[in-house]
Amino acid sequence: MGFPLVRMRRMRRCETIRSMVRETHVSVKDLVYPMFVQPGNGIITEVPSMPNVYRYSVDKLLGAVEEVVSLGIPALLLFGIPEVKDERASSAYSKDGVVQRAVRQVKRSFGDDIIVITDVCLCSYTSHGHCGIVSEDGVVQNDATLEVLKMVALSHAEAGADIVAPSDMMDGRVGAIRRALDGAGYQDVPIMAYSAKYASAFYGPFREAAESTPQFGDRTTYQMAPTNVREALREVELDIVEGADIVMVKPALTYLDVLAKVKEAVRMPVAAYSVSGEYSMIKAAARMGWLDEKRTALEVLTAIKRAGADIIITYFAKDVAKWIDEP
Ligand code: PBG
């Protein structure tokens with residue numbers, strides 16, 4: 001090369017130099033671990049399509065949370081599978097619902113050592129599997145759903161949830177939940193809004209775990225079309241105006257462009273949810289011996305961080321904590 005001034009390789013000569021010029025660091029402190037809680041006692045069930053991800057009864061959840069805390073993971077995101085489902089999702093806001101009991105126990109045992117975020121949605125609690133109240137002709141009723149979501153979020157706050165995370169994608173739900181929380185004295189409970197949530201094929205394994213597959217139709221009337229990015233920015237803006245404290249893009253891997261644009265557009269913390277399908281495809285390929293699990297997962301999470309995520313929700317959280325082993 002006749003141009004001695006320009007030479008990229010000298011900065012890659014050894015790991016010490018490479019680490020000095022590294023632009024992106026994934027830390028355990030960035031991660032949120034999703035967990036599933038189910039009825040019963042003494043029960044731990046592996047999710048078939050998500051190796052090493054389990055559904056726990058409340059008593060068993062505590063032991064699992066202890067491990068999460070000991071690994072230095074700062075937060076978990078809690079999903080419930082109720083005993084009974086009905087048209088109105090009444091188990092979703094019952095004082096003794098599975099999530100409400102789990103939150104009380106986890107907060108009692110671990111206090112501020114773990115931040116408990118609760119998923120606020122109806123899909124696991126409705127008999128039809130939709131994220132909202134459905135009319136007789138099978139249409140999801142936006143405003144009627146808001147009334148139920150308010151009760152769900154309130155019941156979580158009453159149980160001691162640190163952050164509530166509405167994932168339903170109804171219009172106006174962040175504002176409705178904010179007003180309900182403020183009115184009941186929970187001004188200090190932040191809302192992490194699933195703002196740009198796409199109608200994605202990557203939720204398949206989660207729906208097996210949460211028993212939340214819609215019994216008819218799909219979620220395209222309330223979740224976003226994968227084709228749209230300006231619409232995502234509008235969804236994010238609206239959620240911020242309504243009072244969201246953290247905004248989220250979901251899924252992560254197939255929407256890194258959306259994540260980067262959201263990060264650029266707003267002055268709010270941005271979360272990205274690396275969803276069940278992203279986990280399962282790496283797990284499956286690794287089991288086949290086709291991909292190196294650790295390298296692949298860390299590369300994916302690095303990409304999500306690089307694209308702009310301040311917070312990453314991932315089923316790999318515990319593995320990452322072991323892999324990167326920070327002091
Ligand atoms: C509930 C909800 C879903 C996920 C999180 N909250 C599924 C859906 O919209 O059907 C998916 C999470 C994952 O795939 O890991 N609405």
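Pairs of alpha-carbon atoms within less than 8 angstrom and 6+ residues apart define the contacts here; what relative contact order does segment 26-325 have, in percent?
19
Out of residues 5 or more away from ALA75 or on other chains, whose amide H comes under 5 Å of its own, with H placed 1.01 Å from N in the peptide plane?
Amide H neighbours of ALA75, under 5 Å, 5+ apart: TYR33, ILE115.
What are the DSSP H helices in the chain that stretch 30 Å or more along their long axis, judged by alpha-carbon atoms, and whose average Kyte-Doolittle hydropathy comes to at least 1.0?
none
Remind me, relative contact order of segment 233-287 in percent, using alpha carbon pairs under 8 angstrom and six or more residues apart?
Taking the mean separation of contacting Cα pairs over the length of segment 233-287, I get 37 percent.
Run the numbers for ASP112 and MET11: contour at 0.36 nm per residue of separation, minus the present Cα-Cα distance, in nm.
32.2 nm
Go ahead and set up a Gaussian network model of the chain, Cα springs under 10 Å, then flag whichever of ALA176, ALA307, ALA244 fluctuates most.
ALA176
What ranking do 5-15, 230-240, 214-224, 309-319 get when scored by the average of other Cβ atoms within 10 Å per residue, highest first?
In descending order of packing, they fall as 309-319, 230-240, 214-224, 5-15.
In Å², and per residue, what accessible area does segment 26-325 have when probed at 1.4 Å with the other protein chains present?
41
At a Cα cut-off below 28 Å, give the lysines reachable from LYS29, other chains included and same-chain residues fewer than 8 away excluded.
LYS60, LYS107, LYS197, LYS250, LYS261, LYS263, LYS283, LYS294, LYS305, LYS318, LYS322
Enumerate the amide H contacts of TYR198 below 5 Å, restricted to partners 5 or more residues apart or on another chain; note that Pro and chain-start residues carry no placed amide H.
Counting only residues 5 or more places away or on other chains, the set is MET224, LYS250.
Using a 1.4 Å probe on the protein chains only, how many percent of the accessible area of segment 26-325 belongs to carbon and sulfur?
Carbon-and-sulfur percentage of accessible area, whole number: 51.
Please compute the Kirkwood hydrodynamic radius of segment 26-325 from all pairs of different C-alpha atoms, in Å with one decimal.
Result for segment 26-325, one decimal place: 19.0 Å.
Which length gain, in nm to one decimal place, applies between TRP323 and ARG234 when the Cα-Cα distance is subtracted from 0.36 nm times their residue separation?
Stretched out fully, the TRP323 to ARG234 stretch lengthens by 28.3 nm.
Quick one: the Cα spread of segment 159-282 along its three principal axes, in angstroms, biggest first?
Here the spans come out as 42, 34, 27 Å, largest first.
Test of understanding: in a Gaussian network model of the chain with alpha carbons linked when under 10 Å, which of MET170, MET268, MET288 would top the mean-square fluctuation ranking?
Answer for the Gaussian network model of the chain: MET288.
If you build a Gaussian network model of the chain, linking Cα atoms that sit under 10 Å apart, which residue out of ASP112, ASP168, ASP59 swings the most?
Highest fluctuation of the listed residues: ASP112.
Between ILE44 and SER135, what is the spin-label point distance in nm, taking each point 7 Å from the Cα along the Cα→C-beta axis?
4.7
Multiply the residue separation of GLU23 and ASP245 by 0.36 nm, subtract the distance between their alpha-carbon atoms, and state the gained length in nm to one decimal.
Result for the pair: 77.3 nm of gain on full extension.
For an R0 of 25 angstrom, estimate the FRET efficiency from the Cβ-Cβ distance between ASP59 and GLU208 and round to the nearest 0.05.
That gives a FRET efficiency of 0.60.
The values are calculated or read from the model by the stated rules, or taken from the named source; none is laboratory data. The structure presented is a predicted model; accordingly, all values stated were derived computationally and were not measured. Counting neighbours? That spans all protein chains shown, and the Cβs are built from the backbone with ideal geometry, glycine included. SASA here: full protein model, heavy atoms, side chains in, ligands and nucleic acids out. Shrake-Rupley method; radii C 1.70, N 1.55, O 1.52, S 1.80 Å.
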